[in-house]
Every structure is written in structure tokens, then in C-alpha cells.
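Taken together, the values in this text are just the output of simple stated rules run on the coordinates, not laboratory data. Predicted, not measured: the structure shown is a model, and the values here were computed from it. Because the Cβ atoms are built from the backbone with ideal geometry, glycine has one as well, and the counts that use them run over all protein chains shown.
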Amino acid sequence: MAKTSTFKKNWPKYLLQWGVLAALVLFLTGLIPSKEAADPEAYCPLGGLQALATYLAQGSLPCSMSSLQVMMGIALVAAVVLFSKLFCAYVCPTGTVQDLLGKARKTLGLKGLKIRNGSASDKVLRIVKYALVFWIFYMTVTASELFCKNLDPYYAVATGFKGEITLWMSIATVSLVVLGSFLIDMFWCRYLCPLGAVSNSLKFWAWIGVLFGAYYVADVLGADIPWAVLLGGFCITGYLLEIFHSKPKMQILYVMKDNSACNGCGLCSKKCPYGIDIKSCTNGKVESVDCTLCGECVAACSSEALKVGVCKNKQGKCWKYVPAALTVILICLGMWAGGKFELPTIDMKWGIESVAEDGTVTQLVDPATLKTFSIEGLRSVKCYGSSMTFKAQVEKVAGVHGVKTFVNRHSVEILYDPAKTTEEKIQEAIYTPVKFRVTTPDHNAVDSLKVVTIRTEKMYDKLDINYLGMQMRLSGKKIYGVESEFSCPLIVRVFMDPSEDLSAEWFKEIVEMDVLEMPVHGGGVNEIEVDYEFVKMEDGFTMVNTAEYVKNLFSGFSVQWKSRIEAAGNKQQYLYEIVDKNYEKPIILRNMPYLSNHLSKHEGVIGVYLTLNDDLQPCIRIRYADPMTEDRLWELMTMETWTITYKADDVREEAAKFSFKTRGTVYTYNE
């Protein structure tokens, strides 16, 4: 019998398959430029279903997932319930690769292994994909991290084995796809693919609906059944239905068979990727849990006994295009819906009510009095981990009772009590990048510094970077400073001497130190418990000019009064400068507003600054003009009490915040 090609008759399938594969290659390789790095999981329906399950069970979305993935998952469910496994037939790149491997084997004239549908081997192997479904969904919901990335063969290849993978798992699954599918037609899809297991279960949607309905009723009646029990029930039910009742009867579309026109040639069964025994179907339609409506059997049929339709009088030539068209429509609807709304990655509330041991609920705050305000443009809020970090920050603010994060648009909604706090106070509490100087390098001796980047977790407080810097200071290494940038995980840049060559193991030991033993002035040690987590050290390093580094890491202060500048007019102005290396300490910066407040009450004081001089030495500078003099300024600065104005009717005499022991130097001020 001559070999029959189905390409011309089934071109919609090949157009979609190859179009999707080509688009993925173009975007993932960067041949089509994009402002943001391409996300291999952006449209993954399995990831979307994991995200939806996590949201329903835990009230949060897994890391980096958004409503787009959720809607693609819902589109897949709609396709399977109403029509068939259209995603598997027309979109899945792993399925396309398996199809090619099978064709390559046949082209080479090699004989593959046959596992007959319904055989004992077939039934045993099919349980594997259900076990994977339970494992993947359980791990994802528990950790709020997309666990399938650890072993997804598509994700591993798409990221060049550099994504969030477990290497041995990824190598194993890619090997199984390549070798298994080369020897056995659609080996991955039939026996290992978690999405295939979910799709096969959903073909029996009425039974699955009964299962979920029973769980819901039990929950309403007060039975506290863990969600993992429902997950296990779904997997067991799906598997049993697949092996004992492999003919779902509740779809709209089927491959319809006209038995009177069938010549019994068997080409349909030979061309079916899943080896479905189509020629033996006698009830007018192909009812198989494995059928994806791919159209290969229809295209191979020489007697036109097979067509796609809904019943015997609802089929024809145009119907063969319907599955492909429905696939495109559902994908477009999923993308449209995903862009119309966004589920919050986390939606958490606290301090609104308390529940006693006997179940009594006490209202702590009237929910009707609470307000919500949104903050946009928080690019650091981009996943579940960074959302939890943000939640840890705002939870410390008195009067804040909840937060929602939306990672796709990098925004948050904060629920607060206007009687206890304001939007300004909450914004002030939001994390800002932290800089900590470990020690000051001699820019005359070292003209450039090495910059290494590490990633850490559990460093939610502003003081955490200071503590990390102190740990590095106590190590004795030539480390000059650290600075953080809010991300997930946290970005920490470490500035060090070019001669230092520190490993990831060294950083891990320093970061994950349990107790910081910080020497106390006057003797003794102050033990501070820390619980930081080292994630990784990024490859390579950069160099930075030492002078620029010193300027960048110095946190200065500047205040000047426009009215005083105008009053000085053409008078000669001066700078009174006091240099002290201790002025780089945070306590000086915190107390500079008090000094400026105290000095501002005296005519002739124009500005107060904490800055670096030309020699890059920390200094306090006072800008002044007549009638202020050097002696009078020194007298004001060295008073034991300062006059501080908090409000127009609240002026206090308070102890000086810091002392000056050495007189400064006067310079002529030049604009």
C-alpha cells in the first residue's frame, strides 16, 4: 500500500503547530526584539491551572503567575469539556516534537515499540501521569511556586536549561520525550504528561463535577477536609475513568464515521498518533479518551468515511476546519480575558477580627471605616515572594489591615484605617534601597573597586543590610560596603578590594550566620539573632571608580532657606566645615534635621549640609553670611541644649543630639 501524506488535507493542524513552534523560537531566541525577556511560561495552560488551584486553596497566585496564565488554563478546560483536547493537537510544542520524532523513525524505516491501548502495560503506564499531577499540584499549592518548572521538558529547552529547573529532573524528562517518543508513538503524551492527565479527566466532566460538588457540600456542612484530599480524589477518579471507561460521551464534537462508506483499509488507525482502533468503531463516532480531533484519520481516509461533526447529519468538508478554528478562537478569548482583569497574587487581611477558641468572633475594626489606596509602578512587586516581602513591610505599619498585590501591573492595594494612619505614612514605610558603608577605601591608593552581586531572602527590614554589612566587617575581608535593591530575591551588591576573590560558599556562610556578635562601645558583645537566606551569587563582577563609589554610598543631608538666600543678597557668604569620619554613621544623618532646626532660628544661617568634601571626607557644612559669625556659629553648635520647633505652638528645649569637639574651618562660599 502506498504511503499517504495527510499534509495537504490537514494543513490547518500543521499551520498551527509549526506557527506556534516558529513563534516560540523567534521570541525565545530574541530574533523578534522585545522590551522584556520572553517568558516561556507566559501562555502555559498547565501553569494557569496550577495558579488557579493555588488561588482557590491558598488565596494567592504562585510566583510570577498572572491572570493571563489562569485564563489560558480556563480556555483549555472549556476546550476539553466542550470539544476535545485541542491544545494537545494544535498548540503544544512538546506534542509537535513527538509527532516529528515519530515521523523521523518511520522515514528511517525503523520499527517502533507498540503498546496496545487497553493492554495491561498500557493501563499500568497511564497511572504515572496522574501521580505526576498530584505531585506537581501539591508542591505548587504548598509552596506557591510553579513546581512544574523543575521538570517540564518544554521549559527546560526553552530556557536553555538555565531556568528555575532541577537539572536531573529536566534531563530525565527531555530524554524521555526524545527517546521514548522516538520508540513509542506519543509516549510522553500518553503516559507522562500531567496536562494530558488533567485533560483526560476533564473529558468526564460530569463525574468530576460530582466530585467537586460533594467536596463543596461537605465544606458547607462544616467538614474540614484538606484540599489535598480533593486533589487525590481528582487524580484517582480520572485514572479509573480513563482505564475502565475510556469512551467519554459528553463532547459536542467528534470524529464521525460512516460505516457504510468504510472500506476497512485501516489507514485511519495507522495514521492516528495515539493508535486508536478507529476502523473497529461501529456506533457512528470515535469515542476515545485519547482523541484530540487532530484530523489525521480524517485526512488519511480515502473513502471519505470519516468527518468531523456533531452528528451524522451535521458533518461535511467545512467541519474539518472547525477544531483548528476553535483552538484559535479560545486562545484569543483567553488572551483577551487575561488582559481585562488581574487576580491578586496575594489578598491578605489582618487585625480586623479575632476568633476565640470557642469560635466566637470579635470585631476589632469596623470594615466600613477602612479605606483602600493604590500604588502603581512598584516594579519590584513582580512575584509571590516579593509580594510577601511587601506584605511584611506594610504589616508593621499601625493602622494597616490588608494588602493585595498585582504583579502583572506592578501595583498594590493597601487597606488601612484612616483614624490611625495616612497614605503618606504608609508610603514612607515602603522599602527603599539601603546603603551601608563597611569601611572607607583610600581612593588615592585604590582607584577602583570590584562589585559582586549576591541574592538573598528574609531581609525585609531596613536594618538587615546594616547587619549584613556588620557581619562582613567582622570577617576581616577587604569589603568596603553593601547596597540593596528591592527584588525577588533581594539584590545585594558587595563592594570590595580588587584583590579579594570570595566564593559563593563564603557568602553563604556570612549571610546565613545565625547570630551576629556585634562589639559594643566600651566592651562586651551584643548578640543579634539573624535568619537570612543565601540564594545565589551571580556570575562575574563589575568594576567601579572608587571616588564615584564613595560618593554613591554616602547618604547626605541638605537644607537651605530661600528667604535667607534672598536676604543675603550681595553679601559675602561662607562655609563652616567640620570634618569627621564618624559623620558617615546613620545616627548623624538621623539627627541632622534637629541641628538644622536649631540653627535656622538665628539670622544669617543660610543652609545646613552633611556631605563629602573635595578629599571625599565626611563633613558637616554650615552656609552663612553677616550678621552670623564663625564664633557665634560655634557657640550655637556646641550648646548643651538645642531649641527645636516641632509645630508653631510646640517649641522645646532638648539635649543636643551630638557634640562637636574640634572647631571647623571657614571657606569662602562660591556658587
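Data table
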| read-out | value |
| --- | --- |
| Leading residue at positive end of dipole, the chain (Cβ point charges), from 189, 496, 375 | 189 |
| Per-selection Kirkwood Rh - the stretch 346-429 (Cα, Å, 1 d.p.) | 13.4 |
| Long-range HN-HN contacts of residue 536 with modeled amide H, under 5 Å | 455 |
| The stretch 41-323 - convex hull of alpha carbons, volume per residue in Å³ | 137 |
| Approximate spin-label separation residue 265-residue 632, in nm, with each point projected 7 Å along Cα-to-Cβ | 11.0 |
| Label point distance in nm, residue 357-residue 517, each placed 7 Å from Cα along Cα→Cβ | 4.2 |
| Computed helical MRE - 222 nm, the chain, DSSP H runs ≥ 4 contributing -39500 (n - 2.57), nearest 500 | -12000 deg cm²/dmol |
| Reciprocal mean inverse distance between Cα atoms of the chain - Kirkwood radius, Å | 30.5 |
| 5 angstrom amide H check on residue 346, placed H, neighbours 5+ away | 61, 405 |
| Net length gained if the chain between residue 419 and residue 364 were fully extended (0.36 nm per residue, minus Cα distance) | 18.4 nm |
| Hydrodynamic radius of the stretch 555-668 per Kirkwood, over alpha carbon pairs, in Å | 14.5 |
| Using θ = phi - 60° and Karplus 6.51 cos²θ - 1.76 cosθ + 1.60, couplings along the stretch 567-582 (whole Hz; Gly, Pro as x) | 5, 5, x, 8, 5, 6, 10, 9, 10, 9, 10, 10, 9, 7, 5, 6 |
| Proximal aspartates and glutamates relative to residue 270, as straight alpha-carbon distance under 14 Å, when same-chain residues fewer than 8 apart are discounted | 99, 185, 296 |
| For the stretch 201-213, Karplus couplings with θ = phi - 60° (6.51, -1.76, 1.60), whole Hz, Gly/Pro x | 5, 5, 5, 9, 4, 5, 5, 5, x, 4, 4, 5, x |
| Where only alpha carbons of the stretch 112-242 are counted, the Rg and the Dmax (Å) | 16.6, 54 |
| Sequence-distant residues sharing a close amide H with residue 607 (under 5 Å, placed H) | 623 |
| Reachable aspartates and glutamates from residue 435, criterion Cα separation under 16 angstrom, eight or more residues apart if same chain | 461, 464, 483, 485, 548, 584 |
| Mean projected area in nm² (Cα convex hull; one quarter of hull surface) for the stretch 440-551 | 7.5 |
| Filter on 508/657; 551/647; 581/657; 9/149; 478/551 - keep pairs with C-alpha separation over 27 Å | 508/657; 551/647; 9/149 |
| Tilt relative to the chain, helix 45-58 - C-alpha long axis, 0 to 90 degrees, to 10 | 60 |
| Relative contact order %, the chain, counting alpha carbon pairs below 8 Å whose residues are six or more apart | 10 |
| Those aspartates and glutamates that a straight Cα-Cα span of less than 12 Å connects to residue 371, excepting residues fewer than 8 apart in one chain | 413, 417, 423 |
| Alpha-carbon spread of the stretch 126-174, three principal axes, descending order, Å | 27, 27, 15 |
| Restraint check, 396/601; 382/404; 349/420; 123/320; 340/396; 85/123, Cα-Cα greater than 24 Å | 396/601; 123/320; 340/396 |
| Volume per residue that the Cα convex hull of the stretch 428-502 spans, once the total is divided by residue count, Å³ | 94 |
| The stretch 41-323 - percent relative contact order, Cα under 8 Å, separation 6 or more | 19 |
| Two-decimal Rg/Rh across the stretch 247-330, once Rg and the Kirkwood Rh are taken from alpha-carbon atoms | 0.92 |
| Vicinal HN-Hα couplings computed from phi for the stretch 503-517 (Karplus, 6.51 cos²θ - 1.76 cosθ + 1.60; Hz; Gly/Pro x) | 8, 5, 4, 5, 5, 4, 5, 5, 5, 8, 4, 6, 10, 8, 9 |
